[in-house]
Amino acid sequence: MAKRLSIGRTVFEGEIRVELITGYSKLSKNEKIKWLVDQCPDLNENFHQDLLGTEFSSREKQERFDQFSENTIGNFHIPFGVAPNFLIDGQSFAVPMVIEESSVVAAAAKSAKFWSLRGGFKTAIPSVTKRGHIYFEWDKEFSLFESFFEKQKERILNSTLDLNRNMEKRGGGILGIKLETLKSAKEPIYRIELSVNTCDAMGANYINSLLERINETIEEILPAEINSFYQPIMAILSNSTPECLVESKVSCKLSELGSVDGLTSHDFSHKFVKAVEVAKLDPSRAVTHNKGIMNGVDAVVLATGNDFRAIEASCHSYAARDGQYQSLSNAKVEGDYFEFSVRLPLALGTVGGLTKLHPLAEASLKMLGHPDARTLMSITASVGLAQNFGAIRSLITTGIQRGHMKMHLNILNQLGANKSQEELAIRYFEDKVVSFSAVQAFLQQLN
Ligand code: MEV
């Protein structure tokens, strides 16, 4: 006897057989939703209505949105906030942040204000090089391919001229190409590494197009007698961008720090440096520490229509570049100076991709004064640093659970508190540790 479990799964006497739906992508949006509702008894009857409520009133905007992805049935909201008072390289910014976690925007704004009064964030961009690779096997002595490659390098690069024209006009383009052998593969695997400057674009499509063209050219011009030895595996940009780097720094005299949340400037700064050292030494702490940095980074990356998965992957691989995963930020006290900095590989774009297509991403870039990619890198790294400062500040002073008004509100909402209960609870928990059960107990004794 068959028993329906959930979408596409039917159990036949303990054995699971997979039931597939074909042609789902061809259904209209309404049909897709109807099919889902039929399959999922748990979806309440308001589901369709709720989805409609997420849509743009402009049909044109909604259709554009639907096309960003596939099988789209609605839009998924995440709060769009602003952290004002960021002073970065002498310029003031109100930074757009898209994030669902309470306290992140508040912490960024608090740190931004703190550091604006102490000189602000200073940034530097040592390099903006991105890379891509063609991976391949070669069935004969590799020297045969090496000499072909050396002789034909110019011709190979020239085959990309049409793809490069616009990028070169903007001051970017191919910076270099080299051959490399991957270590420790059983059968040797080789790669061609292409280095590029993609100017203000994130450049994924550009890099991938260049690589595929180069691969085609190689296949085309390899002499017939050695052509079959070339076995391409794949051509793809690298999201590891250790040469597309930005550094953001804050510093001040200890006396300028003043007392921070009950700690003297001396005690605060020394404890702060220790907290960062913990994240250098212990990967368990480093992951959480860096997650705090990424709270800020991702929020700006999302708000500006950039690819947060690429940024996450790149930053975490950079954190492990020395063989052990560690803190992306550094802190030191030297003499009577406190300095706190972060170095991040941020391959961001301010043109192309979603930057013009997503109305709020476009608005975010307007809010930031139409930054070029470098400026956006500086802003994003500074927000990451501000976030990290805010988190460490709380951790080494009050603790992370105290005084989070928004956390109160989220719990209060979940518990269905009314306005006056909310006000009483917020006042009561101002100087107490918040937890779900503590808030629940408080509300119960009010009734
Ligand atoms: C929470 O989203 C982020 C923190 O855990 C970061 C940290 O511990 O440094 C507060």
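Quick check: is even one residue across region 315-326 farther than 16 Å from Ser378 by Cα, crowded, with 18+ Cβ neighbours inside 10 Å and in contact (Cβ under 8 Å) with a residue 60 or more places away in the chain?
Looking for residues that are farther than 16 Å from Ser378 by Cα, crowded, with 18+ Cβ neighbours inside 10 Å and in contact (Cβ under 8 Å) with a residue 60 or more places away in the chain, one finds at least one in region 315-326, hence yes.
Any idea how many residues of region 195-252 are assigned to a strand (DSSP E or B) and open to solvent by less than 20 Å² (accessible area, probe 1.4 Å)?
The total comes to 9.
Could you please find all residues in region 269-311 being surrounded by fewer than 20 Cβ atoms within 10 Å (Cβ to Cβ), under 30 Å from Leu357 (Cα atoms) and among the polar types (S, T, N, Q)?
Matches in region 269-311: none.
When you go through (1) open to solvent by less than 30 Å² (accessible area, probe 1.4 Å); (2) away from the ligand (no atom under 16 Å from the Cβ); (3) of a type outside the set (Lys, Arg); (4) within 28 Å of the chain's Cα centre (by Cα) one by one for Gly399, which number turns out not to apply?
Here Gly399 clears every test but (2).
So which residues in region 253-268 are of a type in the set (Ser, Thr, Tyr) and surrounded by fewer than 19 Cβ atoms within 10 Å (Cβ to Cβ)?
Scanning region 253-268 gives Ser255, Ser259, Thr264.
Exactly one condition in (1) in a strand (DSSP E or B); (2) at pLDDT 95 or above is not met by Lys3; state its number.
(2)
Would you be able to tell me the number of residues in region 142-184 that are over 18 Å from Ile207 (Cβ atoms), open to solvent by 100 Å² or more (accessible area, probe 1.4 Å) and either modelled with pLDDT of 95 or more or not charged (D, E, K, R) (or both)?
The number of residues fulfilling the criteria is 5.
Quick one: Asn71 ticks every box in (1) more than 29 Å from Ser255 (Cβ to Cβ); (2) in a strand (DSSP E or B); (3) of a type outside the set (A, V, I, L, M); (4) away from the ligand (no atom under 16 Å from the Cβ) except a single one, so which number is it?
Exception for Asn71: condition (2).
Against the definition (farther than 30 Å from Gly132 by Cα, part of a loop (DSSP other than H, G, I, E, B) and either within 16 Å of the ligand (Cβ to nearest atom) or not assigned by TED's automatic domain parsing to the domain that holds Glu312 (or both)), how does Gly416 come out, yes or no?
Yes, satisfied.
Can you confirm whether Glu362 is surrounded by fewer than 17 Cβ atoms within 10 Å (Cβ to Cβ) and touching a Ser or Thr at 6+ places or on another chain (Cβ under 6 Å)?
Considered against the rule, which asks whether it is surrounded by fewer than 17 Cβ atoms within 10 Å (Cβ to Cβ) and touching a Ser or Thr at 6+ places or on another chain (Cβ under 6 Å), Glu362 comes out as no.
Looking only at region 424-447, which residues are in a helix (DSSP H, G or I) and closer than 22 Å to Val104 by Cα?
Across region 424-447, the qualifying residues are Ala425, Ile426, Arg427, Phe429, Phe436, Val439.
Of the residues in region 136-161, how many are over 16 Å from Ile177 (Cβ atoms) and either over 40 Å from the mean Cα position of the chain (by Cα) or of a type in the set (Ser, Thr, Tyr) (or both)?
Qualifying residue count for the region: 4.
Exactly one of these conditions fails for Leu117: (1) touching a Pro at 6+ places or on another chain (Cβ under 7 Å); (2) open to solvent by 70 Å² or more (accessible area, probe 1.4 Å). Give me its number.
Going through (1) touching a Pro at 6+ places or on another chain (Cβ under 7 Å); (2) open to solvent by 70 Å² or more (accessible area, probe 1.4 Å) one by one, Leu117 breaks only (1).
Can you tell me which residue among Ser364, Ser284, Ser255, Ser314 is in a helix (DSSP H, G or I), out of contact with any strand residue (DSSP E or B) (no Cβ under 8 Å at 6 or more places or on another chain), hydroxyl-bearing (Ser, Thr, Tyr) and away from the ligand (no atom under 16 Å from the Cβ)?
Selected residue: Ser255, the only one of Ser364, Ser284, Ser255, Ser314 that is in a helix (DSSP H, G or I), out of contact with any strand residue (DSSP E or B) (no Cβ under 8 Å at 6 or more places or on another chain), hydroxyl-bearing (Ser, Thr, Tyr) and away from the ligand (no atom under 16 Å from the Cβ).
The values are calculated or read from the model by the stated rules, or taken from the named source; none is laboratory data. Here the structure is a predicted model, which is why all the values come from computation and not from measurement. Neighbour counts run over all protein chains shown; Cβ positions are idealised from the backbone, glycine included. These accessible areas exclude ligands, DNA and RNA; they are computed on the full protein's heavy atoms, side chains included. Shrake-Rupley method; radii C 1.70, N 1.55, O 1.52, S 1.80 Å.
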